[in-house]
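In what follows, a structure is listed as structure tokens, so that the remarks can point back to it.
The values are calculated or read from the model by the stated rules, or taken from the named source; none is laboratory data. Bear in mind that the values here come from a model prediction, so they are computed numbers and not experimental data. Note: ideal-geometry Cβ built from the backbone for every residue, glycine included; neighbour counts use all protein chains shown. For the accessible areas, the whole protein counts, side chains as well, though only heavy atoms, and no ligand, DNA or RNA atoms are used. Shrake-Rupley method; radii C 1.70, N 1.55, O 1.52, S 1.80 Å.
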Amino acid sequence: MKHGYIGARLRTARVARKMSVQQLAGELDITINTVLAIEDGATLGHSSTIVEMGRVLGLSLPDLFGPNEESNIIPFPKSGRDK
């Protein structure tokens with residue numbers, strides 16, 4: 001999974017909530033540069049920071065880390081027993 005994918009989800013949620021980068025950084029007690037770097041995909045940051053950003057923005061763990069359209073996950077084909 002690319003860093004930018006999680007950052008894009010965080011940015012989309014922040015913008016949808018009409019929260020500025022400054023507000024989010026202040027809420028999390030981190031620097032504005034850290035928020036921007038995570039949103040831009042330059043860094044993933046600490047997992048606790050990502051989870052806390054998601055919490056503040058109302059995102060669940062599946063919202064943050066779930067598969068996306070770029071995913072290379074291939075589902076197993078159904079077997080005869082699955083019918």
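Residues in the range 9-18: is at least one at pLDDT 95 or above and on the phi > 0 side of the Ramachandran plot? Taking every residue of the range 9-18 in turn, at least one turns out to be at pLDDT 95 or above and on the phi > 0 side of the Ramachandran plot.
One residue stands out in the range 13-39 among those that are among the acidic types (Asp, Glu) and open to solvent by 100 Å² or more (accessible area, probe 1.4 Å): the one that is farthest from residue 63 (Cα to Cα), namely 29. If you go through the range 46-65 and pick out every residue that is exposed (fewer than 14 other Cβ atoms within 10 Å of the Cβ) and in a loop (DSSP other than H, G, I, E, B), you end up with 3.
Tell me whether the range 34-47 contains one or more residues that are within 16 Å of residue 4 (Cβ to Cβ), out of contact with any Gly (no Cβ under 7 Å at 6 or more places or on another chain) and not aliphatic (A, V, I, L, M). Let's see the steps before the verdict.
Residues of the range 34-47 that are within 16 Å of residue 4 (Cβ to Cβ), as a first pass: 34-45.
Within this subset, residues satisfying the condition of being out of contact with any Gly (no Cβ under 7 Å at 6 or more places or on another chain) are 35-37, 42-45.
In the following step, the residues that additionally are not aliphatic (A, V, I, L, M) were identified as 43, 45.
Within the range 34-47 (the criterion being within 16 Å of residue 4 (Cβ to Cβ), out of contact with any Gly (no Cβ under 7 Å at 6 or more places or on another chain) and not aliphatic (A, V, I, L, M)), the answer is yes, since at least one residue qualifies.
In the range 19-41 there is at least one residue matching the filter, namely being in contact with a helix residue (DSSP H, G or I) (Cβ under 7 Å, 6 or more places away or on another chain), in a loop (DSSP other than H, G, I, E, B) and at pLDDT 95 or above.
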